[in-house]
There are 4 protein chains.
Amino acid sequence: MRRVIIDTDTAGDDTQAILLSCLSDRVTVEALTIVAGNVPFEREVENAKYTLDIADSLDVPVYEGARQPLLKEFEHATDIHGEDGLGGDLFPETDVESAAGFGPDEIVDRCRAAPGEITLLCIGPLTNIALAYAREPDLPELVDEVWVMGGNINCEGNVTPAAEFNLWVDPDAARRVFDAFEVTLVDWGVCLRDAVFDSPEFETVSTFDTELASFFESVTEQARAFNSEGSDDPGWTALPDSVTAALLAYPELREAVSTYHVAVDDREGLTRGYTSVDINGVTDGEPNTHVVESVDSDAFQSVMYSLLQSRDPDSGVAE
Amino acid sequence: MRRVIIDTDTAGDDTQAILLSCLSDRVTVEALTIVAGNVPFEREVENAKYTLDIADSLDVPVYEGARQPLLKEFEHATDIHGEDGLGGDLFPETDVESAAGFGPDEIVDRCRAAPGEITLLCIGPLTNIALAYAREPDLPELVDEVWVMGGNINCEGNVTPAAEFNLWVDPDAARRVFDAFEVTLVDWGVCLRDAVFDSPEFETVSTFDTELASFFESVTEQARAFNSEGSDDPGWTALPDSVTAALLAYPELREAVSTYHVAVDDREGLTRGYTSVDINGVTDGEPNTHVVESVDSDAFQSVMYSLLQSRDPDSGVAE
Amino acid sequence: MRRVIIDTDTAGDDTQAILLSCLSDRVTVEALTIVAGNVPFEREVENAKYTLDIADSLDVPVYEGARQPLLKEFEHATDIHGEDGLGGDLFPETDVESAAGFGPDEIVDRCRAAPGEITLLCIGPLTNIALAYAREPDLPELVDEVWVMGGNINCEGNVTPAAEFNLWVDPDAARRVFDAFEVTLVDWGVCLRDAVFDSPEFETVSTFDTELASFFESVTEQARAFNSEGSDDPGWTALPDSVTAALLAYPELREAVSTYHVAVDDREGLTRGYTSVDINGVTDGEPNTHVVESVDSDAFQSVMYSLLQSRDPDSGVAE
Amino acid sequence: MRRVIIDTDTAGDDTQAILLSCLSDRVTVEALTIVAGNVPFEREVENAKYTLDIADSLDVPVYEGARQPLLKEFEHATDIHGEDGLGGDLFPETDVESAAGFGPDEIVDRCRAAPGEITLLCIGPLTNIALAYAREPDLPELVDEVWVMGGNINCEGNVTPAAEFNLWVDPDAARRVFDAFEVTLVDWGVCLRDAVFDSPEFETVSTFDTELASFFESVTEQARAFNSEGSDDPGWTALPDSVTAALLAYPELREAVSTYHVAVDDREGLTRGYTSVDINGVTDGEPNTHVVESVDSDAFQSVMYSLLQSRDPDSGVAE
Ligand SMILES: [Ca+2]
Ligand SMILES: [Ca+2]
Ligand SMILES: [Ca+2]
Ligand SMILES: [Ca+2]
């Protein structure tokens, strides 16, 4: 059983990644650390707690981390994720207390306490990870694996033509993390190819009539509206964070993984947050990032259905 | 009949673009202007003259232009194109004189003399065009169309992961040209998708037994060797310059053309020469570049066969 | 009495700033935080403890902070400061333990515990301060004052033509600190003008025959050798860190202080760490950095003599 | 007698540099080339012709050059130089025709025709020189000397804190010129130290009662107003262009000249146009720029008085 810390800017699909990880027996979620990203920080914290509550996992501590990127300015993506980051409807407050301690410090302390045992599942901007590394330069040796949802490999970005949201928000942190850690990367492109829920999938989900199915519909509503091309098109949504969580939990979903040198552009301007992936090996950079290039999308769909219908994502993959 | 100036760093596939344009009745080649690029400048000039000789077009004047990029340093790509840029075998010298005058000046003078009548076919780095614009700020209004082979749209570059050769060599010039002119762009990606000659095509060409077929085999030999994956793989080659010439001459080859804002990164570093194409319209940039997104590859093949077999590219397209 | 945390890359002149602050009754040193800079980190930590020992101030806790800049690579300046950063002679180990806790965390915790009471005396690269700010965005309101030795205002830098060491080493942190905090700045230029010890001063110090005088000669030996122009020139040294400590402790030394907008260049390249100071008010930047433009150099000399001769820097300034 | 081409964005002090050069027997002005800079291009051209008229030098051809910087955007400095660049009063049109040919082409052609004989006196942005170099990469060997007024060495700039006008306007061209040519540099700092006319000098000039004195008062009026600190302060002006012309004509004015590596920052942002001068020799850059560090300001004043009083600048320097 993998021990996992989820670093998340909890809004929309982050919630499904948290649910999946909490409800799977393949991984143990040791803690959540919250990072500035999608929506106002306090909403992210509240979203994370609400999600843990739904997962009956309120024993998982929630640590508040960086409230802003390492260096750069940014604005929230509330137009996509809705006011509360769960899709426009305000959920009730949980009254759960945040755990004492700063997110990046907790990452360091927990990895020091169990060297080589903790895997980081990073589904937001990488500020907290960069701050943890600033405190503990040996962190790359102390972690087990580092999974990152981010970047756009030879495809249009989702913030600018050149960049995906998580890497764009804090490109300085991202550059640091890709340089220092052996990352496994799930980029926006593979999510678009292999982790999209469109009308047929939503119709299936609508038949489940469960709390999780209803929650799923609620948190994806805003993204679907954003991707809709008119009033009679219900729209689609990619599930980048949950597919990353699924790929971590279920190795059988990884259809193709290649190892390349990956570099992130940390400069302001046209290419802020751009992901350079040296597929042809023409640069001097060491190939040390494992890029997931293809996902078993049927199996992923099956995992999600099992999660939403029976709170048991593991039953979605064959024994 | 379109009046065309071809701006070229003549080596390899540039020769086929020149041949096609000279031998087609759809366009009149008014002049060649040579720009620093693929191989040493003097070789480019000689290659251009040799190609005109083969096309029986020595009446077309060859003007020497910029011998180096506007600002940046670069090295020649002689490892791909061979010592003489035609594929490793040295062709005899032509003893043709270059025309008097500096390439960019000629572009300006000819466009001033025939406002709205001259189209620029740019199949090398854009240094000459930027220099012409520096001399004549009204050049964008004086030209007819500006066709550019360059850039890599949401695909791996062929020099660095981020950049294609022509834009990488002189990104300052490229940025200037895309900002100031209404460019029609043929990028490296569409060439890889729709303008590749592989073993079957080369087998066909080998049956032609013509001077042009033999010349074609000769000039593509080095590129095929570069793209070969072993001694028993004869390799393939893309034909970016000739497909650009063909698209200009034959509108019927243009299957899909969209207009986007395109910006080129002129900074040194990771993204030198990167092409940002705002497909989703998320930036403030005005959409003023016409991007050829799909080519009728069968028709292009047919044009090339007609060119190589019977010196009559026009017969490759239906009446 | 001002409560002060000294953030230091302890080597050479940092030691005198620590001594002066510990031995003055004008300020109370609450803690030292160590930051990557001049010499290998472990040596800096040891140097700081050795200096506290000499000052009979081993009750001041030493917290270890960032072992590397926020983002950029750098090399140590051991050629100037000697192997141990005190001037080439290795001092005995102190066997003092570092205090538990990460330097930047301590800065945050202590400022939270005493809002508006703690002044930061920053005489190394600004990594720790930027990390503290990353953890606590309200830190600028929680501190009293922030004194920084760094930058070169309209004068040659001491690392590159454009930059001074402290800002050059971690320009990302520096930019962040100048943007977020109301800094009082002592730059390399004012140190060269008003805080240099040359042969006459060293001759005076050599007559004192005290432990501190001997320590001073030892820690400045390497810098003097670096600034010597030949074997018969004993060389000079600037005292940037001690003059900053003195300016903080003794307002009477501040001859001219102006408030300008200051910005630091965080980009790699020619101007990494450059200090832009908008003296003429031509930019939009808010003037919020207090620049010490002139120091009472006689009084500073007097303070240093009193420190070195009688361990009583306060007696160097008139009642 | 030195043969000189003056490259100028004629406004204000450019006129005095032209007058001085035309009326001195030490130099022969072969041509003026006009470059985009201080004021609208057409005004610069007209200003240049008007000045030649006053100098009885209408035989000197005026070539129009670059109407915009190589790559960057900029705005005119009409607030300093007045609407017509001569200080607010509109002078009559001259009806002189511009010579046929593009400025940069003329520079190339004239230098090719007389290798090693022509000196360039550059008192505007360096666009024309960079364009000439783009056409003729051997230009650095074909010119005699290249004198440049520009940059600010370890002093506040006059456009931004980091940059002087001429280098700021076209930093790309400036970088190219300093990299490729062996420049002799007169920076803004030495002009402020040694080439300022303040109230006493203007009082002297006001006693001359000559056409040139009146013209001088007229062209400096706007700059004086800009530098005035109130209604009863008539203000001062630096004479950067005329002191550069004087230094070229009269070697006896050069009190101190050192050779350093100089690099110009061509990036947008904080340090656009910054002049890095490696006085301490800490970079790898080859020292190949001759920096005038001190001027005989009394002799310069004397030259200017002789120019303005008797149209004979040469009589201002001792035989
Ligand atoms: Ca997320
Ligand atoms: Ca080409
Ligand atoms: Ca220090
Ligand atoms: Ca000028």
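Annotations for the structure displayed:
- Search result, residues across segment A:177-191 that are within 14 Å of chain C (Cβ to nearest Cβ) and surrounded by 24 or more Cβ atoms within 10 Å (Cβ to Cβ): A:V177, A:F178
- Qualifying residue in segment A:136-151 (condition: within 14 Å of chain B (Cβ to nearest Cβ), buried (at least 21 other Cβ atoms within 10 Å of the Cβ) and at pLDDT 95 or above): yes
- Single match in C:T160, C:T207 (criterion: among the polar types (S, T, N, Q) and more than 14 Å from chain D (Cβ to nearest Cβ)): C:T207
- Looking across B:G116, B:G189, B:G124, B:G150, one residue alone is in contact with a Ser or Thr (Cβ under 6 Å, 6 or more places away or on another chain) and more than 16 Å from ligand 4 (Cβ to nearest atom). It is B:G124.
- Condition met for C:Y50 (in contact (Cβ under 8 Å) with a residue 12 or more places away in the chain, within 14 Å of chain A (Cβ to nearest Cβ), more than 16 Å from the chain's Cα centre (by Cα) and within 30 Å of C:P251 (Cα to Cα)): no
- Selection count, segment C:274-308, where residues are touching a residue at least 24 places away in the same chain (Cβ under 8 Å), within 11 Å of another protein chain (Cβ to nearest Cβ) and not in a loop (DSSP other than H, G, I, E, B): 2
- Residues in segment A:24-41 that are farther than 17 Å from A:A99 by Cβ, within 16 Å of ligand 1 (Cβ to nearest atom) and crowded, with 21+ Cβ neighbours inside 10 Å: A:A36, A:G37, A:N38, A:V39.
- Here B:S310 fulfils each of the conditions (1) closer than 30 Å to B:R224 by Cβ; (2) surrounded by 16 or more Cβ atoms within 10 Å (Cβ to Cβ) apart from (2).
- Answer residue from segment A:165-176, given it is within 14 Å of chain B (Cβ to nearest Cβ) and in contact with a strand residue (DSSP E or B) (Cβ under 7 Å, 6 or more places away or on another chain) and is farthest from ligand 1 (Cβ to nearest atom) among those: A:R175
- Only residues that are more than 19 Å from D:N154 (Cα to Cα) and either aliphatic (A, V, I, L, M) or at pLDDT 95 or above (or both) were counted across segment D:274-318, and they come to 24.
- Checklist (1) more than 13 Å from ligand 1 (Cβ to nearest atom); (2) part of a loop (DSSP other than H, G, I, E, B); (3) closer than 23 Å to A:A223 by Cβ applied to A:D53, failing item: (2)
- Residues satisfying the stated conditions in segment A:262-302, i.e. closer than 28 Å to A:A213 by Cα and in contact with a Leu (Cβ under 7 Å, 6 or more places away or on another chain): A:V292, A:V295, A:D296, A:A299, A:F300
- Any hit, segment C:82-89, residues being within 30 Å of D:A263 (Cβ to Cβ) and of a type in the set (A, V, I, L, M, F, W, C): no
- Leading residue by the ranking (nearest to the other protein chains (Cβ to nearest Cβ)) among those in segment D:226-245 that are away from ligand 4 (no atom under 16 Å from the Cβ) and within 21 Å of D:A17 (Cβ to Cβ): D:N227
- Residue match in segment C:252-273 (condition: at pLDDT 95 or above, part of a helix (DSSP H, G or I) and more than 17 Å from the chain's Cα centre (by Cα)): yes
- Residues of segment A:85-100 satisfying the condition of being at pLDDT below 95 and over 22 Å from A:A245 (Cβ atoms): A:G88, A:D89, A:L90, A:P92, A:E93, A:D95
- From the options D:A31, D:A48, residue that is assigned to a strand (DSSP E or B) and of a type in the set (A, V, I, L, M, F, W, C): D:A31
- Test: residue in segment A:224-241 that is part of a loop (DSSP other than H, G, I, E, B), aliphatic (A, V, I, L, M) and either within 16 Å of ligand 2 (Cβ to nearest atom) or at pLDDT 95 or above (or both): yes
- Boolean, A:E44 is away from ligand 4 (no atom under 16 Å from the Cβ) and surrounded by fewer than 24 Cβ atoms within 10 Å (Cβ to Cβ): no
- Considering segment D:32-41, the residues that are within 14 Å of chain B (Cβ to nearest Cβ) and not polar (S, T, N, Q) include one that is nearest to ligand 4 (Cβ to nearest atom), namely D:V35.
- Test: residue in segment C:50-58 that is more than 16 Å from ligand 3 (Cβ to nearest atom) and buried (at least 24 other Cβ atoms within 10 Å of the Cβ): no
- Residues that are of a type outside the set (S, T, N, Q) and surrounded by 22 or more Cβ atoms within 10 Å (Cβ to Cβ), drawn from segment A:154-171: A:G157, A:P161, A:A162, A:A163, A:E164, A:F165, A:L167, A:W168, A:V169, A:D170, A:P171
- Output for segment B:244-276, where each listed residue is more than 22 Å from B:T127 (Cβ to Cβ) and surrounded by 20 or more Cβ atoms within 10 Å (Cβ to Cβ): B:A246, B:L247, B:A249, B:Y250, B:L253, B:Y260, B:L270
- Qualifying residue in segment C:105-118 (condition: at pLDDT 95 or above and closer than 30 Å to D:G281 by Cα): no
The values are calculated or read from the model by the stated rules, or taken from the named source; none is laboratory data. Treat the numbers as computed from the prediction; the structure is a model and nothing was measured. Because the Cβ atoms are built from the backbone with ideal geometry, glycine has one as well, and the counts that use them run over all protein chains shown.
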